[in-house]
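Just so it is clear, none of the values below were taken in a lab; they were calculated from the coordinates. Quick caveat, the model's predicted, so the values are computed rather than measured. Positions of Cβ are backbone-derived with ideal geometry, glycine not excepted, and every protein chain shown enters the neighbour counts.
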Amino acid sequence: MSSNGKRDDSIIKSTADEALSSKLSATSKGYYSDPYLSYFAVDADSSNRSNKYNTVHPIIRKGSHARVCCMDRVIAALHSNHFENAVKNKEHVQVVVLGAGKDTSYFRYRSNTLTTQIKSSDASENEQSVRNVSWYEIDHFSIINFKKSRVRMIESDRMLQKRHPSANHVNILKHYLIEFDLRSSAVDLMKLLEERYEFKRELPTLFVMECVQMYLPELSSHSLLRTLADACRDSVIAIYDPILLHDPFGKVMQRNLGRLCNEESSLVQNKTLEDCMTKLKCCGFQRILACDMKSAYGMVVTADQRLRSNRCEMLDEYEEWNLIMSHYAFIVAGTGGGISDVFCSVRGESSPLGVKEGHCLTEEHLDMTLI
């Protein structure tokens, strides 16, 4: 790899620290609780760390909270009534986080401390359903190596385990941390998962990608999505990514990203929601639900979560907030039938993600016509 390539990789991997800082800043202000984040902070000086996180702009904190709420709600939907009715194998599912970075979803899911609380699908509201889960996290070697050390710290912290024990809604069968460059062959990735990490193509599977595609070359992104669409009999992918659109703000975003997102990158090649949806459709995803984060904030993020956010900090720059949120996409796509019908539903209250008609696009409306 050239020296420029190594520098680019270093910059890309540093985005995991940027996301971590934003989330730590949000939790420090009370937007949500995450007892695991601090284990991934490498700054030993807690006072400097506090000052650093306080410099994060309120809009970034509020946006990070919205991002966490949306992705948490997707994960929590694995325990919805609709999911229970859709899957044939109700005992075992797989979650694959691609480009996992320093994300803590695994720990928060295990301890039922996601921003969306997992409730029972049974008649008794106080009794939670048990589901067996295999959880996979995939990223660069350096990120995974660091994460392994932090996982050991978390697992050995008895006080933390006492405060946040594994909840009775889930039985984590396996938690895998896997080193892989997502620009490499996606076929090799699936082969690796099957041969070494007990990945099962017949099981319902949720793939998660947050700010990952934006850094991939378009050819690599296409290859990855096509492979994921063919990987399982019944699967869904949840995507959070920026979109440049065709406006001055998008040009500023692209300029700030520099060579990380050149003309061959997925981000530049797919500037709108419709572009992203068309790409997913071409790669084999039959059911698609998409909206920008401005719309997601009003429906996927719940009223209680928005209220909590406003109590933490009120914004004066609503025009800037709306502009930024309109340049991020929340997309859920499935291979058709089964859990795809659950996650991609827009039928009012029957949607486990809270999606409302008239506020999103589906695979049937790639001509930009709102449903």
Per-residue ³J(HN,Hα) for segment 210-215, Karplus 6.51 cos²θ - 1.76 cosθ + 1.60, θ = phi - 60°, Hz, x for Gly and Pro: 10, 6, 10, 4, 4, 9
Run the Debye formula on the Cα coordinates of segment 155-218, all scatterers equal and no solvent, and tell me log10 I(q)/I(0) at q = 0.25 1/Å. -1.19
For Thr302 and Leu173, compute 0.36 nm times the residue count separating them, minus their Cα-Cα distance, and round to one decimal in nm. 43.4 nm
Can you tell me the mean projection area, over all orientations, of the convex hull of segment 139-263's alpha carbons? Units nm², please. 10.6 nm²
Using a Förster distance of 56 Å, the FRET efficiency for Met314-Gln286 (Cβ separation, nearest 0.05): 0.85
Hey, how much of the P(r) for segment 277-364 falls beyond 20 Å, as a percent of Cα pairs? 40 percent
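Ratio of alpha-carbon Rg to the 2.2 N^0.38 Å globular estimate for segment 222-268, to two decimals, please.
Ratio of Rg to 2.2 N^0.38 Å for segment 222-268: 1.50.
Over 21 Å between C-alpha atoms is what I'm after, so list which of Lys62/Lys102; Lys148/Lys200; Lys148/Lys174; Lys23/Lys200 land there.
Table pairs above 21 Å Cα-Cα are Lys148/Lys200; Lys23/Lys200.
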Taking segment 54-115, how much of its Cα-Cα pair set, in percent, is spaced more than 19 angstrom apart? 43 percent
Rounded to whole Hz, the Karplus (6.51, -1.76, 1.60) HN-Hα couplings of segment 315-325, x for glycine and proline: 9, 9, 8, 5, 5, 5, 4, 5, 5, 5, 5
Projected label distance in nm at Asp188 and Asn322, using a 7 Å step from Cα toward the beta-carbon: 4.8 nm
Net lengthening on full extension, Asn256/Asn85 (0.36 nm per residue, minus Cα-Cα): 57.0 nm
So the label point goes 7 Å from the Cα of Arg196 along Cα→C-beta, right? Which residues of segment 137-164 then have their backbone N under 17 Å from it? 137-149
Debye log10 I(q)/I(0) for segment 193-351, one point scatterer per Cα, at q = 0.15 Å⁻¹: -0.89
